[in-house]
Amino acid sequence: TIASTDMGLLLRDDVFVDFFNTFLNLPVFGQTPIYITSMGRWELWPELPSQLVRKSPCKEALLAWLEKHRLPHFCKSTLCLHLVLCQKLLGFIRSGEAAKLLNWQSADWWLLEKCISGSQGMWRFRAFLQGMAGEELTDFWLITERLLGLDESDEGQRDLYLSLLHRLKATHLREGSSVITLCRTLVGSLLKARHVQPISTRREILSKMQEQALFVIQSYWLPKFFIHCKMYMEEEELCRPVLQEYRERLFQARSQEPSGFLENLFTMHIKGSQGFSGPYCSKKAKAEIWTLVKEGKDTQEMKMPSFWVQPEGQLGPAGSTKESRAHKDALGSIPQQSEHPASTAFGGKGGETSPKRPRQVLPLEDLCEEQVLPHLRSSAPLVRLPSLKKPVKTLSFLPWALSAETCAGRPFRDFLMCQDRSVETRLLDLWHDLEEFLPVALDPSRENSFFLRRLIGEKICKTYLEEGIIQQLPLETRTLRSLRNHLMSGEFSPWIFRAQKEICKVLCCFYEEFLADDDRTFLRFMVKGMN
């Protein structure tokens, strides 16, 4: 539905804009535009060079480029799955069913929407569920949503379909899981359908199980999250103005129009270039940004937030400058306390992994104050970035770009496939599978950790590390064999990092080609739109 909707109409939905802005600014991409809803304004980064801008850039050209070269990847991303779940939760919050079942008033759903709307709100919700049965139900819903969107008869989608089906069977459909407990009768029918009934029946049963899981999430876990948020906000001084407004709404019984499709008072436009000269090159712009990161990451005055981009809906009214965009790209995309990007915006593949953050501390302060740099956590100080020196090489930031690719719908993989680079595509798949294995192996307390470790480890060994296949990969044989010896039993091994480092060295030049191709495509659309 999202893929077939007009981009201009999608951008009237502030929840969609929030998720889409987060997606657009993932560091795997070259051009990373951002849309400021309150001003109807697009800001490009890198900006178009002055010699190409004879007049204001054409918004129609930008929308056409987004529709063709960004939206299809968004629809395959984990962020899109979370957008769909967020919309379903918001729909329930605003429904008469919720009002009747939970005795919610308009003030209640007004406050709950503030807590759960957008990518940051869903991040809070998933962090709250971590370690509880609600986490497993949410993981199951997300995986099933992805699986039901695939066509098993399509050869290009069959491997992913079967992989997700095996994951469901090994985790959520095993005895003792929360899903089994909730849907025991339906699960029995599903396991039978897998062998003797047509695919449509299997899909129907999975769809009914998904509906049941969603209802429990909405009717049980969402109210618990709401209570948790109110208790936290009672203790947080910065949140008191919001609570005060909430109480006034309860007392006065005022209704609040739901957020969603809003009429914008501003005409959509693109912010004009600041007049820099030189060739348009996103690779160079990214290198400059990552130079700031490399120089500043070890200083005490810079507190690096986790790999996250603050929702656009919380941007202040002031327009961003080029310098503030540099702040955003430099500080909004770095994993905390580690050079290895072990997590992305919502976790691992398929959106089944929630972010690692203590449940007791949720960043609700951003609901209560306007921030100069809204992508930073409230605890991060405003600091002057260090001066630029020699730009870093692409290899230095490639692991973060690859880590973000999972959340971005795998655009780099699609590029390699179009270039008929089968070996490099296989290496990229191996990098991502190892990345998915890491958090599972390093945290044995996670739900289904043992089963997932064995499942992913065996998959990696069978797909990439059998003796005949090892010889075809341009990595050190010792690395691959050592990796196989540990992964066969689902064990963590430092050889994972060694293998990923070797893969990055091979893929580096191809990623630079990917950025150059993205630049050419973007310029072709924009220059054509200005003629």
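The values are calculated or read from the model by the stated rules, or taken from the named source; none is laboratory data. Nothing here was measured: the structure is a model prediction, and the numbers come from that model. Ideal geometry is used to build each Cβ from the backbone, glycine not excepted, and the neighbour counts take in all protein chains shown. Accessible surface areas use protein heavy atoms only, side chains included; no ligands, DNA or RNA. Shrake-Rupley method; radii C 1.70, N 1.55, O 1.52, S 1.80 Å.
When the Kirkwood hydrodynamic radius is evaluated over all pairs of different C-alpha atoms of segment 1-76, what value in angstrom, to one decimal, is obtained?
Numbers: mean 1/r = 0.0760 Å⁻¹.
Computed over segment 1-76, the radius equals 13.2 Å.
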Using a 1.4 Å probe on the protein chains only, how many percent of the accessible area of segment 397-525 belongs to carbon and sulfur?
-> 52
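Which number do you get for Rg(Cα) / (2.2 N^0.38 Å) in segment 106-146?
1.30
Rounded to a whole number, what % of the accessible area of segment 1-76 do carbon and sulfur atoms account for, probe 1.4 Å? Intermediate values should be presented prior to the final figure.
Details: 1380 of 2540 Å².
Of all accessible area on segment 1-76, carbon and sulfur atoms account for 54 percent.
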Run the quick spin-label model on K68 and Q419: label points 7 Å from Cα toward the beta carbon, then report their separation in nm to one decimal.
-> 2.1
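Which net charge results for the neighbourhood of L428, defined as the other residues with beta-carbon distances under 12 angstrom from its beta-carbon, given Lys and Arg at +1 and Asp and Glu at -1?
-2
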How many nm separate the modelled label positions at K224 and R184, each set 7 Å beyond the Cα in the direction of the Cβ?
-> 2.0
With x for Gly and Pro, the residue-by-residue ³J(HN,Hα) of segment 116-121, computed from phi through the Karplus equation 6.51 cos²θ - 1.76 cosθ + 1.60 at θ = phi - 60° and given in whole Hz, is 10, 5, x, 5, 5, x
Between L101 and E235, what length comes free when the chain is fully extended (0.36 nm per residue of separation minus the Cα-Cα distance, one decimal in nm)?
-> 45.4 nm
Once phi for every residue in segment 404-411 is put through the Karplus expression 6.51 cos²θ - 1.76 cosθ + 1.60 (θ = phi - 60°), the whole-Hz ³J(HN,Hα) values, with Gly and Pro written as x, are 6, 4, 4, 6, 9, x, 6, x
Taking segment 397-525 on its own, what percent of its Cα-Cα pair distances exceed 23 Å?
-> 35
Using r as the Cβ-Cβ distance of E467 and A170, and R0 as 30 Å, what FRET efficiency do you calculate, to the nearest 0.05?
-> 0.70
Over all pairs of different Cα atoms in segment 52-137, the reciprocal of the mean inverse distance gives a Kirkwood radius in Å of 15.7
Probe 1.4 Å, heavy atoms of protein chains only: per residue, the accessible area of segment 1-76 in Å² is 33
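Which value, to two decimals, describes the C-alpha radius of gyration of segment 72-230 once divided by 2.2 N^0.38 Å?
Here the answer is 1.09, to two decimals.
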Modelled label reach - L442, point 7 Å along Cα→Cβ, segment 406-436 residues with backbone N closer than 14 Å | 434-436
Rounded to the nearest 0.05, what FRET efficiency do S50 and A516 give with R0 = 22 Å and r taken as the Cβ-Cβ distance? Could you check?
-> 0.55
HN-Hα J in Hz across segment 202-215 - Karplus 6.51, -1.76, 1.60, θ = phi - 60°, x for Gly and Pro = 4, 5, 4, 5, 4, 5, 5, 4, 4, 4, 5, 4, 5, 4
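Hey, can you find the accessible area per residue of segment 397-525 for me, probe 1.4 Å, expressed in square angstrom?
On a per-residue basis, segment 397-525 sits at 42 Å².
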FRET efficiency for D154 and E245, Cβ-Cβ distance as r, R0 = 51 Å, nearest 0.05?
-> 0.55
